[in-house]
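Each reported figure results from applying straightforward, stated rules to the coordinates on display, with no laboratory input. Everything numeric here is computed off the predicted structure, so don't read it as measured data. Note that we place each Cβ from the backbone using ideal geometry, even for glycine, and neighbour counts take in every protein chain shown.
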Amino acid sequence: MNDSIAPGAREFHTTRWSVVLAAQHGGDGTRALKAMSELCRDYWYPLYAFVRRRGHAPHDAQDLTQAFFATLMETNATAADPQRGRFRSYLLGALKHFLANDFHRANAQKRGGGQQLVEWHAFEPEAHYALEPAADTDAETLYDRRWALDLLDRAMKRLRAEFAAKKDESTFDALKGTLSGAAAAREELAKKLGMTEGALKVAVHRLRQRYREVLRAEIAETVNFPADVEDEMRHLVAVLRSS
């Protein structure tokens with residue numbers, strides 16, 4: 001990752017987060033509910049990790065996270081301020097408010113039992129949490145770290161799916177290390193792929209360019225204003241550098 005991850009300006013399309021916000025003003029409620037559900041599924045683990053780092057036991061953290069999602073789906077984020085722009089920031093603020101509310105805490109099991117947005121057995125949250133850094137990392141820092149790493153993971157999965165659509169997963173698997181500096185030596189890599197070193201250089205450049213584009217696209221789905229994409233990209237770089 002570096003500071004050059006923001007390519008030229010692109011058309012800013014309707015995003016999942018803007019669909020949710022639009023529902024506050026008479027937008028398509030069904031579409032907004034679907035968009036919120038998709039966003040929640042992307043963010044389940046950063047939120048779960050935040051709740052765990054706040055000192056809640058695994059089962060309680062699962063109930064609280066599920067109940068929080070149920071509350072979001074019931075209200076469709078109607079308390080969200082469109083001027084805040086970023087779903088990441090809105091979500092963390094809403095979760096803090098939720099955890100501070102004794103009524104919500106007391107009724108977490110009941111409220112979370114209706115809409116199961118997170119299948120805990122399938123996701124194995126504690127297996128993920130066991131790999132987190134020592135407990136001296138505060139909850140907000142951990143939330144940001146997991147937001148960043150999960151974002152990179154989704155971008156990588158999207159890239160691999162694009163190669164898979166062309167039946168070229170083996171090329172992606174060979175080249176993906178060049179995105180993090182973990183790839184084999186260029187000469188060895190070129191030989192493995194049956195390319196000249198010049199052709200490999202072009203392939204790596206295109207992969208990195210597409211990776212930046214996919215990252216931007218993932219972030220764009222969670223903001224309401226075009227300028228916020230650049231701010232979130234800068235935040236992503238800062239979080240990864242401090243990890």
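Simple spin-label estimate for residue 166 and residue 154 gives 2.4 nm between the two label positions (7 Å along the Cα-to-Cβ direction from each Cα).
For residue 241 and residue 14 in the same chain, what is the full-extension length gain: residue separation times 0.36 nm, less their Cα-Cα distance, in nm? Let's see the in-between values first.
Details: separation 227, 0.36 × 227 = 81.72 nm, distance 3.03 nm.
That works out to 78.7 nm of additional length.
Packing, taken as the mean count of other beta carbons within 10 Å per residue, orders the peptides 35-46, 161-172 from highest to lowest as 35-46, 161-172.
What is the distance in Å between the Cα centroid of segment 141-181 and that of segment 29-54? First find each Cα centre; the distance between them is then 21 Å. Modelled this way, with points 7 Å down the Cα-to-C-beta line, the labels at residue 227 and residue 210 are 3.3 nm from one another. The stretch between residue 173 and residue 38 holds 45.9 nm of extra length on full extension. This uses 0.36 nm per residue minus the Cα-Cα distance. With the highest mean first, a sort of the peptides 147-160, 188-201 on other beta-carbon atoms found within 10 angstrom per residue produces 147-160, 188-201.
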